2 protein chains.
Amino acid sequence: MSTLKDVARQAGVSIATVSHVLNNSKAVSPGVRRRVLAAVKAVDYRRNRVARSLRTGQSYTLGLIVPDLTNPFFPELAQAVENRARALGYALLLIDASSNPQTELAGLQLLAEHGVDGVIWIPISDQLPDDLPFPVVVVDRPLANVDGVYADHHQGGVLLAQYAHKLGHRRVGLLLGPQSLASARLRREGFWQAANGKLEIVWEQEVPFSLHLPTPALELFSSQAVSLIVSASDVVAIAALRALDEAGISVPEEVSLLGFDDIPWASLVRPALSTVRQPLATMGERAVAKLLERIQNPEQVISQEVFEVELVERHSAHSLKRSRS
Amino acid sequence: MSTLKDVARQAGVSIATVSHVLNNSKAVSPGVRRRVLAAVKAVDYRRNRVARSLRTGQSYTLGLIVPDLTNPFFPELAQAVENRARALGYALLLIDASSNPQTELAGLQLLAEHGVDGVIWIPISDQLPDDLPFPVVVVDRPLANVDGVYADHHQGGVLLAQYAHKLGHRRVGLLLGPQSLASARLRREGFWQAANGKLEIVWEQEVPFSLHLPTPALELFSSQAVSLIVSASDVVAIAALRALDEAGISVPEEVSLLGFDDIPWASLVRPALSTVRQPLATMGERAVAKLLERIQNPEQVISQEVFEVELVERHSAHSLKRSRS
DNA sequence: AATGTTTGGTTAAACGTTTAACCGCCGTAG
DNA sequence: CTACGGCGGTTAAACGTTTAACCAAACATT
């Protein structure tokens with residue numbers, strides 16, 4: 001690869017001058033500028049970001065840590081983040097933590113070594129390690145003392161409960177997300193709060209955000225009759241769907257099902273999932289914007305942005321009212 | 001962030017010595033080594049990979065370019081690549097090309113600037129730009145003159161045709177992937193070859209690898225009767241599934257459907273897709289291994305590895321024989 | 001005892017940028 | 001005519017490593 005030196009030699013100027021025309025960091029005469037640009041083409045020069053990083057302390061690289069790419073919730077987010085970052089001149093280092101908090105920490109460490117300017121983090125751990133040498137903005141799962149962008153999980157819970165009530169359900173079961181995650185806690189709280197007096201929560205079961213339901217959850221389906229199962233996320237809803245199907249229980253005729261997230265698959269599955277939508281791509285883009293703001297201005301007060309959620313009605317939940325009347 | 005200099009001062013040795021203990025690049029007495037290690041802890045030293053890169057010419061960073069993370073075929077691959085790369089001490093720069101060849105090229109350029117040691121590429125373009133300053137290994141879509149790891153697409157096509165014949169189908173329609181992609185071409189060729197004389201290919205339609213079917217494809221479903229539709233990939237099979245559902249055509253009763261890839265969703269969808277499986281994660285891991293071999297030994301002869309595929313029977317394709325007998 | 005040889009450490013150059021400091025020159029103002 | 005302030009360019013230092021070259025002291029070999 002050719003360097004500034006090569007360009008300089010080719011153009012018959014000093015390397016400083018070349019640098020200045022490339023960065024517009026100083027006035028340079030049109031004649032020289034033209035020569036330099038020509039030389040750049042001639043030797044096929046590409047700036048060496050490594051050297052630049054070393055000198056300036058900026059790497060123009062961001063980090064992204066996701067818990068598990070295999071969970072269809074994350075790719076959409078990741079894509080938005082990557083595209084936005086690249087549009088703004090940043091490359092993106094990806095860490096997939098494989099649902100392992102250890103890995104996640106190691107990832108943070110790795111990103112530090114690589115000198116990223118900042119990282120976007122969808123955490124599994126419930127707190128930020130201290131003395132990180134870069135700013136971070138957390139996405140999806142609220143954490144204290146960090147910039148964050150989240151959906152309004154609490155409101156999502158409320159929406160679900162209201163919808164359940166509106167459909168005339170009374171006895172419901174809750175497939176909760178990991179309660180170590182603020183997002184899952186908030187959804188639960190929202191639901192409970194809005195359910196108060198109107199809905200009877202017959203059982204609650206904590207399950208991982210995964211396509212594989214633990215057997216205790218499976219057993220609940222048959223043991224205690226509920227007319228509606230509301231699940232922690234679309235993925236677990238879909239897992240439940242499959243389990244119910246295998247158990248010969250039909251949705252929504254025998255039991256209704258509600259999801260959360262509105263991942264693309266929610267509308268692809270049969271019956272299509274009624275769920276609550278969060279603006280994933282927007283959140284991803286906003287996260288990188290926020291991170292860059294923080295990088296520009298490290299002293300600004302930390303803030304959280306919460307995005308509105310929206311109920312989307314499809315066909316996995318059934319109204320009891322009509323069938324009763 | 002503390003530097004070698006800080007560690008050296010703290011330990012009362014030269015920075016060269018510190019470097020040597022950290023890299024085991026020279027014998028150092030146990031006493032000094034202990035002091036250095038202690039100093040490292042004391043000042044919370046982390047190696048600065050940027051500086052190291054500049055000096056050594058190695059960045060310990062790999063690039064990964066995927067066409068579209070939102071297509072569920074890729075996350076699994078990406079995860080495998082990332083995990084394997086990290087396990088071997090490499091970080092991974094992700095580029096999502098958003099199905100745009102322009103973006104893809106820009107991404108390659110960006111990776112070059114960042115000085116990656118090599119890149120793993122799932123290309124949309126049909127050839128490798130020349131004078132890339134790093135080695136690349138191509139995955140999934142065969143390209144000439146590059147290292148590659150692929151599934152045996154041709155054999156997959158054969159398997160599909162044989163299976164179709166075994167089930168007693170005769171009139172079939174083909175939802176082909178973009179024929180600019182070698183993978184899609186090979187699948188088609190395999191199918192045609194094995195179909196020869198046994199199957200009548202009533203129509204062929206080229207569609208993108210996406211959840212959205214173009215309308216010409218939709219129209220085919222009703223216009224010309226076939227008993228089986230074989231699709232370019234699971235995603236398009238699922239798209240077809242939905243379209244058929246909306247058209248009130250039931251699968252597999254009225255028309256059978258076959259996929260390709262065996263993405264996780266293939267088994268989640270109803271009816272579960274019969275499809276051909278390729279060992280995605282294995283291929284991802286093998287790709288990074290191959291890339292590293294190439295980095296170690298730039299002169300080795302280029303090679304392609306093709307992986308066996310396997311038919312997996314589920315419930316989207318129907319035997320005609322029984323119903324006829 | 002004189003002469004290699006090994007051991008354990010240091011010095012300094014180099015990687016490719018950016019950027020502050022410097023400098024010569026030209027045009028203009030006093 | 002002198003002084004002065006851009007203008008347009010160059011020089012050189014610095015970023016944090018790695019690593020070749022060097023060196024002193026300890027040790028082994030005859």
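Interface burial in the range A:253-268 reaches 40 Å² or more for A:Trp265, A:Leu268, comparing the full protein assembly with the chain by itself; accessible area from heavy atoms with a 1.4 Å probe.
Computed over the range A:143-242, the percent of Cα pairs more than 24 Å apart is 20. The number of Lys pairs in the protein assembly as shown with C-alpha atoms less than 24 Å apart, excluding pairs fewer than 8 positions apart on the same chain, is 12.
In the range A:132-146, the residues that give up 30 Å² or more of accessible area when the other protein chains are added, compared with the chain on its own (1.4 Å probe), are A:Pro133.
Largest first and in whole Å, the equivalent-ellipsoid semi-axes of the protein assembly as shown read 47, 34, 22, each the square root of five times a Cα gyration tensor eigenvalue.
Inter-chain neighbour count for A:270-282: the average number of beta-carbon atoms from partner chains within 10 Å of each residue's beta-carbon is 1. Applied to the range A:286-301, the Karplus parametrisation 6.51 cos²θ - 1.76 cosθ + 1.60 on θ = phi - 60° returns per-residue 3J(HN,Hα) values of 4, 5, 6, 4, 4, 4, 5, 4, 4, 5, 4, 10, x, 8, 4, 5 Hz, with x for Gly and Pro. Using a 1.4 Å probe over protein heavy atoms, the accessible area lost on pairing B with A, summed over both chains, comes to approximately 4500 Å². For chain A, the solvent-accessible area with a 1.4 angstrom probe is 43 square angstrom per residue.
Summarising the label geometry, the points placed 7 Å from Cα in the beta-carbon direction at A:Glu310 and B:Val28 lie 6.0 nm from one another.
Antiparallel as a % of all DSSP beta bridges within the protein assembly as shown, to the nearest 5? Display every interim value, and only then the final one.
Working: 9 of 79 bridges.
In the protein assembly as shown, approximately 10 percent of DSSP beta bridges are antiparallel ones.
Is the range B:4-47 best put as rounded, prolate or oblate by its Cα gyration tensor, with a ≥ b ≥ c the root eigenvalues, rounded for a/c under 1.5, and otherwise prolate when a/b is larger than b/c, oblate when not? Prolate.
Remark on the range B:57-75: accessible area falls by at least 50 square angstrom from chain-alone to full-complex state for B:Leu69, probe 1.4 angstrom.
If the viscosity is 1.567 mPa s and the temperature 4 °C, what Stokes-Einstein diffusion coefficient in µm²/s follows for chain A when Rh is the Kirkwood radius over Cα pairs?
Numbers: Rh = 22.3 Å.
Stokes-Einstein gives a translational diffusion coefficient of 58 µm²/s.
If you model the range B:171-325 as an ellipsoid using its alpha carbon gyration tensor, with each semi-axis the square root of five times an eigenvalue, the axes come out at 32, 16, 16 Å, biggest first. Among B:Ser99, B:Ser180, B:Ser223, the largest mean-square fluctuation in a Gaussian network model of chain B, built with springs joining Cα atoms closer than 10 Å, belongs to B:Ser223. With the highest mean first, a sort of the peptides A:49-55, A:246-252 on other beta-carbon atoms found within 10 angstrom per residue produces A:49-55, A:246-252.
Most simply put, chain B has about 10% antiparallel DSSP beta bridges, counting only bridges with both residues inside it. Can you tell me how the range B:90-130 classifies by the Cα gyration tensor, rounded, prolate or oblate, using a/c under 1.5 as the rounded cut? Cα axes put the range B:90-130 in the prolate bin. Simple spin-label estimate for A:Thr215 and A:Lys198 gives 3.8 nm between the two label positions (7 Å along the Cα-to-Cβ direction from each Cα).
Hydrodynamic analysis of the range A:28-91 uses the Kirkwood radius over alpha carbon pairs. Inserted into Stokes-Einstein at 4 °C and 1.567 mPa s, it gives a translational diffusion coefficient of 87 µm²/s.
For the range A:86-140, with all protein chains in place and a probe radius of 1.4 Å, 48% of the accessible heavy-atom surface sits on carbon or sulfur.
The values are calculated or read from the model by the stated rules, or taken from the named source; none is laboratory data. Worth saying up front: this structure is predicted, and the values here are computed from it rather than measured. Cβ: placed from backbone, ideal geometry, glycine included. Neighbour counts: every protein chain shown. What goes into the accessible areas is simple: the full protein's heavy atoms, side chains included, and nothing from ligands, DNA or RNA. Shrake-Rupley method; radii C 1.70, N 1.55, O 1.52, S 1.80 Å.
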